[in-house]
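The values are calculated or read from the model by the stated rules, or taken from the named source; none is laboratory data. From a predicted model like this one, the values you see are computed outputs, not experimental measurements. Please note: Cβ atoms are built from the backbone with ideal geometry, for glycine as well, and neighbour counts cover all protein chains shown.
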Amino acid sequence: MRIRANTAIGGILIALLGGTALAAVAWTPFDPLRVNLRARLQPPSAQHWLGTDEFGRDVLSRIMAGASTSVLVAVATVVLAVTVGVLIGSVSGYWRGWADRLIMAVNDALLAFPGILLALGVMIVIGANSIGIVLALALAYMPSVARVVRGTVLSLREKEYIEASRVLGNSELYSLLRHVLPNAVAPVAVLATSMFGWVLLAESALSFLGLGVPPPAPTWGNMLAASRPYMENAAWLSIAPGLCIALTLLGINLLGDALRDRLDPRMAQR
Amino acid sequence: MTAPLLQIEGLGIATAAGAPIVHDVSFEIGRGEFVAVVGESGSGKTAAARAVLGLLPAGLVRGQGRILLDGEDLTALSQRQLRALRGPVIGMVFQEPMVSLNPALTIGAQMMEGLRLHERIAKDEARRRCLDMLARVQIRDPARTFDAYPHEFSGGMRQRIMLASVMLLRPKLLIADEPTTALDTLTQREVLDLMVGLARDHGTAMMLITHNLGLVARYAQRAVVLCRGRLVETGTAQQVLTSPREAYTRELVEALPRRAAAGSRPPAQDVVMAVRGLKVAFPGRQRLFRRDAGHMAVDGVDLTIRAGETVAVVGGSGSGKTTLGRAMLRLLPLASGEVRFLGRDVTSATGREFRLAAQLVFQDPYSSLDPRMRIGDIVAEPLRHVALPGAERASRVTAMLEEVGLSGLAQRWPHELSGGQRQRVAIARAIIRRPAFVVADEPVSALDMTIQAQVLKLFERLQAQYGFACLFISHDLAAVEQIADRVVVMQAGRIVEQGSRDDVFDRPQHDYTKALLAAAPIVAFSDAVPA
């Protein structure tokens, strides 16, 4: 199969990101946590490629170390939200009845809160750490997955091939897993990739409010947040994490589209 | 004789990429003449008709050729000039009445729209003409209809409303693109009779686009046969149907279902499926505090089907025939009654054996196959529930595919197959487990004529080979006549008549049966109406 340019760009971006996140576990140019007050707010140079921050910490090292934290948090959140969302959305849409009404009542109540507010509340209860962030953000984004999955399943269950599966003697669970869910992949894939972006941003926002991954551990979000007072004098401090977030989103979206098309036999041959 | 109303000369239509859709087609329509344009899907009949209106769908472009209306070349006109012609000079009725009316506007608003656009008349006058026209197409309460919204009407009613709003402008040419394909036989007859009557009254010429030769025989004076974008044959309707000159036309005419000699099959004794006093209720709509009274979709049906026998269920839409089939397969909850399968009561508990031995073939081969499974996997799926070694399973799938004429297509996806091929897949899936009973719900009504004939033949052959009992649900009396041993006529959830095929077709007792038979567009070669 020919690989399209978009797919290639997405692949390269994500491979770079993954490589960086992995490499940072073993090695970074400087210790991302080492404070050096004599080298505060230095612009990019041969020694510090991306400059230093207000405590004289090397920005490149912090970006690399932050990649693993941010990406890990985002991936874990998306996986958790999609898993739970697909589970309850498909149960709700496929079996209908009182379970559907109950699940959707709770789901809509959750959906009614602004996601970030919901996450804030959860963070306050669980505490500001990586696991807390993942749980809070997953809870905030799960309801929209459940809604989308339920809607898709609702329309798919009326298709004749689902009735055909029933006539063949297949169990309801088998029909759901074999015939309904594979056909619901496209909307979920699109949602999951755009959600990855929202989660990266939401993590930044929580960190900005001091409820994210606690400092001094670097994440792209808290780096962006910390750079705000210096935006005029030391723009590199906000440009570096901002650019990283943007490029990651771009890569994920391009790959997500490719994945969606690849999984659809009607698109795969074009 | 004056010049013809419409002359199409050497018309060519191609896709934007240059692949020809219609190639060098020429024919003409005289004033007040009814011409049928006949062809199967992909023949370019719809594209040709749309080219006349200058309304080709995106992606198609008109190539060479001229379209003369009253001597004026339509291909030379601007979109603006064409717009002035659409409506008052050329009217069009589309295939899908359910989607060709705007659901957000009242019937009256939509009818007035066209009238007031093309004729400068007062509102009262326009309204009066709309009401007259609604009365003319036999809408019961024109004043109420005028203020009603499209969703309040059935498909047949909507098609009458469409017809009324098109004829309101008294066009010289009416283009009707498969206007009744979505309707059942009785409604089809009513709508077409109205259409032809109106056209005759106004002296309107009609271009009737259809794949149904029965309609050609009944309504058209001349016929134009298209195949793969080329003109195959033109002639009077009678000549084309009774003594076709070209091989393709002969093939079409021969594809018409014909009655096989009765009694070719020995009468079987084993009762496979028997229902008694079967009732299925459809609940009414849930209102705020109460539920509307529901209605009985199937209302006390007794029916017995024996091994190897095909029992056809016929009736208009809403007669409960599809519900009856689903209820026999126990796919719907029953209100009351009893279902016995091979002597065993399956009314309350269906049991594994019944589920595996009673199968269903769906109407729409496009939605009955999972788009994400390969053909081989679809056909193999029923064998999940049969204890078979893997190698034997694979060889059985291969053999089954070969039997339905799909050898070598196991690795294809459903969207790569034609409608007829898909229906073969659906049939293979239904009978690979050697069921004792198959419900076929309008299995050929979505297919082209020649494909219909092939699939019906395949079905007959497989039934002779495997001896399953079959409930054949159809509104197409011609197909029923070809395949059925016995015929059951349903109206409003009840069986109004049943008997052997020949008895029902030749000596119908009930009025509803007589009406159905009279409305059926069967080509009667002996008494085609002379032009």
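Report whether or not residue B:307 is of a type in the set (Gly, Ala, Ser), in contact with an Asp or Glu (Cβ under 9 Å, 6 or more places away or on another chain) and either under 30 Å from residue B:496 (Cβ atoms) or within 9 Å of another protein chain (Cβ to nearest Cβ) (or both). Judged against the criteria, residue B:307 is a match.
Note on the stretch B:466-520: residues that are closer than 22 Å to residue B:306 by Cα, touching a residue at least 24 places away in the same chain (Cβ under 8 Å) and hydrophobic (A, V, I, L, M, F, W, C) amount to 17. Are any residues in the stretch A:124-171 small (Gly, Ala, Ser), in contact with a helix residue (DSSP H, G or I) (Cβ under 8 Å, 6 or more places away or on another chain) and within 14 Å of another protein chain (Cβ to nearest Cβ), and if so, which ones? Those that are small (Gly, Ala, Ser), in contact with a helix residue (DSSP H, G or I) (Cβ under 8 Å, 6 or more places away or on another chain) and within 14 Å of another protein chain (Cβ to nearest Cβ): A:164, A:165, A:169. Only one of the numbered conditions (1) at pLDDT below 85; (2) within 14 Å of chain A (Cβ to nearest Cβ) is violated by residue B:318, and that is (2). Determine whether residue B:100 is surrounded by 15 or more Cβ atoms within 10 Å (Cβ to Cβ) and either in a loop (DSSP other than H, G, I, E, B) or of a type in the set (D, E, K, R) (or both). Criteria met by residue B:100. On inspection, residue B:96 qualifies as farther than 18 Å from residue B:223 by Cα, in the same structural domain as residue B:207 (by TED's automatic domain parsing), under 24 Å from the mean Cα position of the chain (by Cα) and at pLDDT below 85. The helices (runs of 4 or more DSSP H) found wholly in the stretch B:135-202 and carrying at least 1 residues that are closer than 23 Å to residue B:38 by Cβ and touching a strand residue (DSSP E or B) at 6+ places or on another chain (Cβ under 7 Å) occupy B:155-167, B:185-202. All conditions in (1) touching a Pro at 6+ places or on another chain (Cβ under 9 Å); (2) facing another protein chain (nearest Cβ under 10 Å) hold for residue B:353, with the sole exception of (1). Within the stretch A:184-216, the only residue that satisfies the criterion of being surrounded by 21 or more Cβ atoms within 10 Å (Cβ to Cβ) and within 13 Å of chain B (Cβ to nearest Cβ) is A:184. Residues in the stretch B:418-472 that are more than 23 Å from the chain's Cα centre (by Cα), on the phi < 0 side of the Ramachandran plot and part of a loop (DSSP other than H, G, I, E, B): B:432, B:433, B:435, B:436, B:468.
Could you list, in sequence order, the residues of the stretch B:406-436 that are of a type in the set (D, E, K, R) and either within 24 Å of residue B:388 (Cα to Cα) or surrounded by fewer than 21 Cβ atoms within 10 Å (Cβ to Cβ) (or both)? Before you say what the answer is, go through the steps one by one.
Let us first name the residues in the stretch B:406-436 that are of a type in the set (D, E, K, R), namely B:412, B:416, B:422, B:424, B:429, B:433-434.
Scanning the stretch B:406-436 gives B:412, B:416, B:424, B:429, B:433, B:434.
The conditions are (1) within 13 Å of chain A (Cβ to nearest Cβ); (2) surrounded by fewer than 19 Cβ atoms within 10 Å (Cβ to Cβ); (3) more than 27 Å from the chain's Cα centre (by Cα), and residue B:333 fails exactly one of them. Which is it? All conditions are met except number (1). Would you mind stating whether residue B:493 is under 24 Å from residue B:181 (Cα atoms), modelled with pLDDT under 90 and more than 19 Å from the chain's Cα centre (by Cα)? Yes; evaluated as a whole, the condition is true for this residue.
Sort out which residues of the stretch A:9-62 are charged (D, E, K, R) and surrounded by fewer than 18 Cβ atoms within 10 Å (Cβ to Cβ), and write them in order of number. Scanning the stretch A:9-62 gives A:31, A:34, A:38, A:40, A:54. Residues that are at pLDDT 90 or above and touching a Ser or Thr at 6+ places or on another chain (Cβ under 7 Å) occur in the stretch B:300-313; there is at least one. Here is the figure for the stretch A:154-209: residues that are modelled with pLDDT under 90 and touching a Phe, Trp or Tyr at 6+ places or on another chain (Cβ under 6 Å) total 3.
Can you say whether residue B:445 is of a type in the set (Ser, Thr, Tyr) and either at the interface with another protein chain (Cβ under 10 Å from one of its Cβ atoms) or free of Cβ contacts under 8 Å to residues at least 40 places away in the same chain (or both), as far as the supplied structure shows? Step through it out loud before you land on a result.
Values: of a type in the set (Ser, Thr, Tyr): yes; either at the interface with another protein chain (Cβ under 10 Å from one of its Cβ atoms) or free of Cβ contacts under 8 Å to residues at least 40 places away in the same chain (or both): no.
Criteria not met by residue B:445.
Close contacts from the stretch B:240-261, counting a first residue that is of a type in the set (Lys, Arg) and a second that is part of a loop (DSSP other than H, G, I, E, B), with Cβ to Cβ under 6 Å and a gap of 6+ residues or different chains, come to B:250/B:244. Exactly one residue out of B:238, B:188 is surrounded by fewer than 24 Cβ atoms within 10 Å (Cβ to Cβ), polar (S, T, N, Q) and out of contact with any Lys or Arg (no Cβ under 9 Å at 6 or more places or on another chain): that is B:238.
Is it the case that residue A:51 is more than 30 Å from residue A:147 (Cα to Cα), modelled with pLDDT under 85 and among the small types (Gly, Ala, Ser)? Spell out the reasoning first.
On the way: more than 30 Å from residue A:147 (Cα to Cα): yes; modelled with pLDDT under 85: yes; among the small types (Gly, Ala, Ser): yes.
In short, yes.
Residue count for the stretch B:356-376, restricted to those that are small (Gly, Ala, Ser) and at the interface with chain A (Cβ under 7 Å from one of its Cβ atoms): 2.
For the stretch A:209-255, residues that are part of a loop (DSSP other than H, G, I, E, B), free of Cβ contacts under 8 Å to residues at least 60 places away in the same chain and among the β-branched types (Val, Ile, Thr) total 0.
Does residue B:438 qualify as being closer than 23 Å to residue B:323 by Cα and within 14 Å of chain A (Cβ to nearest Cβ)? Steps first, please.
On the way: closer than 23 Å to residue B:323 by Cα: yes; within 14 Å of chain A (Cβ to nearest Cβ): yes.
Yes: the conditions hold for residue B:438.
Within the stretch B:384-405, the residues that satisfy the criterion of being part of a helix (DSSP H, G or I) and either crowded, with 19+ Cβ neighbours inside 10 Å or at the interface with another protein chain (Cβ under 9 Å from one of its Cβ atoms) (or both) are B:384, B:385, B:397, B:400, B:401, B:403.
In this structure, does residue A:118 turn out to be away from chain B (no Cβ under 14 Å) and either crowded, with 22+ Cβ neighbours inside 10 Å or in a helix (DSSP H, G or I) (or both)? The answer is yes for residue A:118.
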